[in-house]
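Only one structure is covered here, and it is reproduced in the block below.
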Amino acid sequence: FSCRTNDQLVAFLSRYRDMNFLKSHGRDNARFIRKQGLDRLFLECDTHMWRLGDRRIPEGIAVDGGSDWFLLNRKFVEYVTFSNDDLVTKMKRFYSYTLLPAESFFHTVLENSPYCDSMVDNNLRITNWNRKLGCKCQYKHIVDWCGCSPNDFKPADFHRFQQTARPTFFARKFEAVVNQEIIGQLDYYLYGNYPSGTPGLRSYWENVYDEPDGVHTLSDVALTMYHAFSRLGLRRAETSFHAAGDNSCRYYPMGHPVSIHLYFLADRFQGFLIRHHATNLAVSKLETLETWVMPKKVFKIASPPSDFGRLQFSEIGTEWDAKERLFRNFGGLLGPTDEPVGMQKWGKGPNVTVTVIWVDPVNVIAATYDILIESSAEFTHYKPPLNLPLRPGVWTIKILHHWVQVAETKFLVTPLTFSNRQPIKQEEAMKYHSGPPKNAYMEQSFQGLNPVLNIPISAARVDQAKRNAGLVGARLEAWVDSLVSSVWSAVDICSTGPTACPVMQGCAQTAWSSLSPDPKSELGPVKPDGRLR
């Protein structure tokens, strides 16, 4: 993001048009070479960066590097692009097999070229480094190396944009799903406030699926849940708008979802917006609707509350981001083959040990473990090595201190109505929906804890789970819908176009729909001051 106006940037670059602005690492060079893996050979293949072995740094070259965000002048860019001299040719070959070439190539070529006097050790950027959180080796699935990544800015960081100790024109990173308030603060600081009553200023919508993407881009878990959300919306329309003997607000679902958006308000996740087709039963015409579904609150402090007060929140999900300390799988959509992570958020207090117990839908204790919570700990997370598939249904996580329950939370493992984006067949349903072999989620059995914790295993629930495992078609959908409605609620539904339901609101007239007004995000032609809006 720009943290100065376009006029300020143009004036600065016009004044220093012959300079190149790059930020050097400013550390011991040998350490930088090792840290960046410049003395190793890397090759990208099958969307993975492989480390192949060691190599030597070219002799007679002063290797440098740092940030891969920089501003280069035309002369130097043309030199790097078109020159056939020995330096450029050798460096292009050397950096073709480098892990992060952009963090060193331009620095090295510039410092060893005739343009070396034009380098300014400042890339005109503010980067929000928090190495304690940002160096978690979180990209090992992509690359055979460990690196660091900057954190997103939040409102407490705003003072950094106002500093004048060195010229800065850009800042990173910003991410509206993590914090949009800081983006609004910076916008106001540079360009003034929006007129009073401007809609959508505290809202953020992020598209995660659109029909042209193709249904093959969705997982079976996501497709199952999105269809269930659509049906939840249609039931909401029928129960809220339907009058006796009148079918004008009754619908039958048609086809796959059209689009999916994440919806945030005041930096809080509000759920999913599912745009979907449905046939209006009164006029037998296809309409396009949008349903807003919101997760129900499933975290509960024990009643009466214990004297243990450090636990603030607990949540289960996948794609835990240890840097931003949130689940990237917003809404926690989980299926039988997922590997869930348990997260707890803590307040300050004395060192304590808590016990975490995972209970499946038929009260089989799947896992139990202790966590030592240090006095300064803010978050803990752990992924128990559970045998798959997980039994579908609503799971319970109990958190105990001295074997007294402090809190509990729940999460849904949805049965799948799709397998490879096709309606699931009974053989596959039995495979995915019957739980792990021999009911054993781990080698160790925790069955002896059931009476201690007063968690009885009900034979009736076990029998029902066995029957459910073989469901397909409409009966399977009904089971999925009953589970989904226990942890999600359809807040509202609207029409994207003409509708036979006289009391249904148009989506553009709502404050929540992905089609509702959002002036802060509307772009137009470039204005004289360089702005798009």
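Remark: the chain carries a charge dipole of roughly 600 debye about the Cα centre, counting +1 on each Lys and Arg Cβ and -1 on each Asp and Glu Cβ. The spacing between the range 143-214 and the range 44-92, judged by their C-alpha centroids, is 31 Å. Inter-label distance, residue 170 to residue 17: 2.0 nm, where each label sits 7 Å from its Cα along the C-beta direction. Cross-link partners for residue 173 among the aspartates and glutamates, with Cα-Cα distance under 13 Å and sequence neighbours closer than 8 places in the same chain left out: 152, 157, 324. Here the Kirkwood formula, the inverse mean of 1/r across different C-alpha pairs, assigns the chain a hydrodynamic radius of 27.4 Å. Measuring r between the beta carbons of residue 458 and residue 159 and using R0 = 60 Å, the FRET efficiency lands at 0.55.
Along the chain, the exposed loop sites are GluC sites (Glu not before Pro) outside DSSP states H, G, I, E and B with at most 13 other Cβ atoms within 10 Å, and the longest stretch free of them is 60-318. Seen from residue 54, the other residues with C-beta closer than 10 Å to its C-beta sum to a net charge of +3, counting Lys and Arg as +1 and Asp and Glu as -1.
Work the Kirkwood hydrodynamic radius out for the range 6-187: mean of 1/r over every pair of different alpha-carbon atoms, inverted, in Å. Please list the in-between numbers first.
Working: mean 1/r = 0.0547 Å⁻¹.
Here the Kirkwood hydrodynamic radius works out to 18.3 Å.
Quick check: pseudo-label points 7 Å beyond the Cα along Cα→Cβ at residue 82 and residue 283, how many nm apart are they? Using points 7 Å along Cα→Cβ, the separation is 6.3 nm. Overall, the accessible surface of the range 274-371 at a probe of 1.4 angstrom is composed of carbon and sulfur to the extent of 51 percent. If you restrict to DSSP beta bridges whose two residues both lie in the chain, what percentage is antiparallel, to the nearest 5? In the chain, DSSP labels about 90 percent of beta bridges as antiparallel. Residues in the range 300-471 average 49 Å² of solvent-accessible surface per residue, probe 1.4 Å, ligands and nucleic acids excluded.
Simple spin-label estimate for residue 328 and residue 59 gives 4.4 nm between the two label positions (7 Å along the Cα-to-Cβ direction from each Cα).
Taking all protein chains together, 187, 54, 152 sort by accessible area into 54, 187, 152, largest first [probe 1.4 Å]. If you sort 521, 514, 259 by accessible surface, 1.4 Å probe, largest first, the order is 521, 514, 259. Both radii come from the Cα set of the range 57-123: Rg as radius of gyration, Rh as Kirkwood radius; their ratio Rg/Rh reads 0.91. Of the three principal axes defined by the Cα atoms of the range 300-471, the extents in descending order read 52, 38, 29 Å.
For residue 326, the residues whose amide H sits under 5 Å from its own are 321, ignoring neighbours fewer than 5 places away on the same chain, with H placed 1.01 Å from N.
When you filter the chymotrypsin sites (Phe, Trp or Tyr not before Pro) in the range 6-40 for DSSP loop state and at most 16 other Cβ atoms inside 10 Å of their Cβ, you are left with 16.
Beyond 32 Å in Cα-Cα separation lie the following of the pairs 296/323; 383/438; 35/90; 300/425: 300/425. Measuring spread by the Cα atoms of the range 275-337 yields a radius of gyration and Dmax of 19.5, 60 Å.
With Cα atoms defining each centre, the range 290-313 and the range 356-373 are spaced 18 Å apart in the structure.
Assuming R0 = 22 Å, can you tell me the calculated FRET efficiency for the pair residue 387 and residue 447, based on Cβ-Cβ distance, to the nearest 0.05? Show your work: numbers first, answer last.
On the way: r = 15 Å, r/R0 = 0.69.
Here the calculated transfer efficiency is 0.90.
Evaluate the Kirkwood expression for the hydrodynamic radius of the range 470-533, namely the inverse of the mean inverse distance over all pairs of different C-alpha atoms, and round to one decimal in Å. Let's see the in-between values first.
Values: mean 1/r = 0.0632 Å⁻¹.
Evaluated on the range 470-533, it is 15.8 Å.
For the range 382-423 versus the range 426-469, the spacing of their alpha-carbon centroids is 12 Å. Take the Cα of residue 421, go 7 Å toward its beta carbon, and the backbone nitrogen atoms of the range 260-295 under 18 Å from that spot belong to 260-261, 275-277.
The values are calculated or read from the model by the stated rules, or taken from the named source; none is laboratory data. Values in this document were obtained by computation on a predicted structure and should not be read as measured data. Don't worry about glycine lacking a Cβ; one is built from the backbone with ideal geometry, like all the others, and counts go over all protein chains shown. Heads up: the accessible areas ignore ligands, DNA and RNA and are worked out on the full protein's heavy atoms, side chains in. Shrake-Rupley method; radii C 1.70, N 1.55, O 1.52, S 1.80 Å.
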